[in-house]
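To start, the structure itself, in structure tokens.
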Amino acid sequence: MPEVTLGLDLGTSGVKVVALDAAHVTVAQATRSYPLLTPQLGWTEQRPADWVAASLEALRDVAGQVRAAGHTPLALGLSGQMHGAVFLGAGGEVLRPAPLWNDQRTAAAVAETEARIPRADLIARTGNRAVTGFQLPKLLWLRAEEPEVFARTRRVLLPKDYLGFVLTGVQATEPSDASGVGALNLARLAWDDDVLGALDLTADLFPDVVASAAQTGTLLPEMAAQTGLPVGLPVVAGGGDNAAAGIALGLGSARPQVGSVSLGTSGVLFVPLTAPTPDPEGRVHLFAHADGGFNLLGVTLSAAGALQWFRDRLAPGTPFGTLLEEAAAVPAGADGLTFLPFLSGERSPHMRPDLRGSFGGLSLAHGRGHLVRALLEGTAFALADAYAVMRPLSGVTTLLATGGGARSDLWLGLVAGALDLEVRRSASEPGAAEGAAILAMPVAGLYPSLPEAMPRLSSEPVPALGAAQAQAAYRLALEQTLSQPA
């Protein structure tokens, strides 16, 4: 019977489960959604019970498809949104809803961390400065704001690792996701006792760290009964969503010259490294990669999300294709119009949640096409600012493009021109769920090792588009904005 591995990606809006055969062909897939909670301004939370219910439904759906097609599932790999915090009591019970990666309640906790640990020391140890969205500040927030819950907390898990605990009864994590906590020593891939000690915390609050492609446990009988999957199915640790997506694209330390650019809600630059080399100022993230290497991650928070905002608020019902066609008819530089894409603050390289977006240079001569052209250029220039920090730390020469925005030749061409890199569109666009399934293939015996399991995708280059004058105007507008007091 044909053999497959399953991959599960626990995203922010929903869960996706896929089954891949040894040739990386998707033979089954299913998705389920769950709600986002925003109980206060700047807070984002989800109920872990909603994750579990949706995941079991999606697994059951895929198990049925796999059975009907005569395939045999050999292992399950996990992926998911990074940085979230599931607080567990002594019996493994969830103590409160889980704050997510984009939750902004932890400004005071970040200030406390930087007061206790010199920023340069924290970056040298963990690869990152203190960041509001990371898990560690959430733990400090809990101690300060909900001390009765903190007193009952015995373990804090990342989202996908909580799901792994429910499926197997084993609490574990792996380096790619754990390095987004804010307390993992990247040189040792272990919890940093000095960092935690400076914050009056201990490593026993966190699970053991195993290799990303390692088996953490097996599917419990009650979970097998609810999903239709075999009892004892091996469950593999997997990877954080960006790392797992990188695995699906074939990105890793064996090919450090190839990275990726994602034009999803946010814009993400993923650049593999062979050694943990952080930006000394922490302007971009450094994480462990699921292949055993490392990667730099640059994030601009509003990319395709900015275009979505524009369409929904200013051109409701207009097809995205129409907006992009209008933008393509406008000359480079949008006749002097600039856009700063900081609709949700900004991550890389400014690390300023207080920044806000703006159009500059508006005149009566500008129309909707100018606004969209400026928006596309502004997001490309924001990615270029992040890449300027990454450039001296990496040897990347080519980026594989992913995300909804990657369907636009205009947008990708602007990115290629702004970053001065070759940007290629792949024939297929696998994501984190597919990467999780690939991470499970060595345990399943489909490949002898993870590097051999990783694909080499065919791709074609997108012509670069120059906009040097527009980029200079963007930088002038940016400097004026950054000079304003926070």
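The values are calculated or read from the model by the stated rules, or taken from the named source; none is laboratory data. Keep in mind that this is a model prediction, so the values were computed, not measured. Positions of Cβ are backbone-derived with ideal geometry, glycine not excepted, and every protein chain shown enters the neighbour counts. Calculation scope for accessible area: heavy atoms of the full protein, side chains included, ligands and nucleic acids excluded. Shrake-Rupley method; radii C 1.70, N 1.55, O 1.52, S 1.80 Å.
Here are some notes:
- For region 394-441, the share of alpha carbon pairs falling in successive 10 Å distance bins from zero is 23, 43, 27, 6 percent.
- With helices as the sole contributors, the chain gives -10500 deg cm²/dmol at 222 nm; each DSSP H run of n ≥ 4 counts as -39500 (n - 2.57), and the sum is divided by every residue.
- Accessible surface of the chain, 1.4 Å probe: 54 percent of it comes from carbon and sulfur atoms.
- Near ASP279, the amide H atoms lying under 5 Å from its own belong to VAL284; only residues 5 or more places off or on other chains count, and H is placed 1.01 Å from N.
- Accessible area expressed per residue, region 362-423, with surrounding protein chains retained (probe 1.4 Å, Å²): 31
- Residue-wise HN-Hα coupling along region 351-367, computed from phi with Karplus coefficients 6.51, -1.76, 1.60 (Hz; x: Gly, Pro): 6, 10, x, 7, 4, 9, x, 6, 9, x, x, 5, 9, 5, 7, 8, x
- On a per residue basis, region 237-334 carries 31 Å² of accessible surface, using protein heavy atoms and a 1.4 Å probe.
- On the basis of the beta-carbon distance and an R0 of 30 Å, ALA472 and THR322 show a calculated FRET efficiency of 0.55.
- The residues of region 118-168 expose on average 33 square angstrom of accessible surface per residue, using a 1.4 Å probe on protein heavy atoms.
- Annotation: the antiparallel percentage among DSSP beta bridges lying fully within the chain is about 65.
- Computed 3J(HN,Hα) for region 417-427, one whole-Hz value per residue from the Karplus formula 6.51 cos²θ - 1.76 cosθ + 1.60 where θ = phi - 60°, is x, 5, 8, 6, 10, 6, 10, 10, 9, 7, 5, glycine and proline marked x.
- Per-peptide average of other Cβ atoms within 10 Å, ordering 274-283, 75-84 highest first: 75-84, 274-283
- Here the extension length gained between ASP312 and GLN40 equals 95.6 nm, from 0.36 nm per residue of separation less the Cα-Cα distance.
- Between helix 48-68 and the chain: long-axis angle, C-alpha atoms, 0 to 90°, nearest 10: 80
- The chain, Rg to Rh (Cα coordinates; Rh as Kirkwood inverse mean 1/r): 0.97
- The trypsin sites (Lys or Arg not before Pro) of region 351-436 that meet both conditions, a loop assignment by DSSP and at most 14 other Cβ atoms within 10 Å of the site Cβ, are ARG356.
- Database remark: amide H of SER358 closer than 5 angstrom to the amide H of LEU340, PHE342 (H placed geometrically; neighbours at sequence offset of 5 or more, or on other chains; Pro and chain starts carry no H).
- Rounded to the nearest Hz, the phi-derived 3J(HN,Hα) couplings of region 245-255 under the Karplus curve 6.51 cos²θ - 1.76 cosθ + 1.60 (θ = phi - 60°) are 5, x, 4, 5, 8, x, 8, x, 5, 6, 9, where x marks glycine and proline.
- Annotation: amide H of VAL236 within the under-5 Å range of LEU76, GLY77, LEU78, THR216, sequence separation 5 or more or interchain, hydrogens built in the peptide plane.
- By average C-beta atoms within 10 angstrom, highest first, the peptides 456-466, 376-386: 376-386, 456-466
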